[in-house]
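Quick note: the coordinates plus some simple rules give every number you see, no bench work behind them. This one's a predicted model, so the numbers in the text were calculated from it and none came from an experiment. A quick note on method: Cβ atoms are made from the backbone with ideal geometry, for glycine too, and the neighbour counts reach across all protein chains shown.
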Amino acid sequence: MSSIPSPSLSKTLTDPKSCLMGSSRLAALAQQLRLYKHPPTFDDEEEERIEKSGDKVVSQVGFVESATPVKSEKFRPKRAAVLICLFEGECGDLRVILTKRSSGLSTHSGEVALPGGKADEGDADDSQTATREAHEEIGLDPSLVNVVTVLEPFLSKHLLRVIPVIGILPDIKAFTPTLCVAEVEAVFDAPLEMFLKDENRRSEEREWMGDKYLIHFFDYEIDNKKYVIWGLTAGILIRAASVVYKRPPNFVEQNPKFKLPKAVDKDVTMP
């Protein structure tokens, strides 16, 4: 597996107000997030019935399961996990590590993503999946990351159940990115709070089996490079920012209630 060194991370915000945060914020955040329990995707009685019948409860692309639970008797999505790795910028702002996928990949080529991927049989849990994939993709040593909680599942465009895992990187200077060039073209960071703001955000209305919903796009520039963070990645980061900052976004998310087709195969995708 070929790898190349990446430019350094930890660019800071220009807003002087962000400098008021002290270094103790990460410890307080870790304590806060360890107590977080995501809303149930269905009640205990329904969960027991589903386990007995083999049904699965899933949601729409880029949105949390608890917001729009639906079920499909024939649909059993594969599992994946992504790492929402948070660290403290030089002025105390919370930032998240993101990647730009390689242009040579067969799916989502050139798009911005969180480090992560499909679960392996040897993975003990979603946290191990997320941190293992981050190590393989960008050289982030799992021992540097303090995993504090997981968010509720999301469903990707290709009907993959994605579990967001939140981890805290106490010492950003200990991390020297090394990219797997077959998978990752670039690694950069962005302020987490950006995903609650209406600035540099646009949206497109889509439809799935008669239900309309919004796909959110965030335009972001760093080191004279422009990135568009959208779809599933944007949806996960909106949710993560809402949990971390304990407030909803300053815009309407418009979560729909999707119904899956009766027969789902590998060629079925959401718009």
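Taking amide H atoms as placed 1.01 Å from N in the peptide plane, the amide H of E185 lies under 5 Å from those of K100, R101, S102, each 5 or more residues away in sequence or on another chain. The three principal axes of the C-alpha atoms in segment 83-225 carry coordinate ranges of 47, 40, 32 Å, sorted with the longest axis first.
Structure note, pairs K100/K173; K78/K173; K37/K100; K37/K118: Cα-Cα distances above 28 angstrom occur for K78/K173; K37/K100.
Sorted by mean Cβ packing within 10 Å, highest first, what order do the peptides 110-116, 124-130 take?
110-116, 124-130
A simple spin-label model places pseudo-atoms 7 Å from Cα toward Cβ; at S103 and A182 they are separated by 2.0 nm.
How high is the FRET efficiency from E207 to A124, r the C-beta distance, R0 30 Å, rounded to 0.05?
0.15
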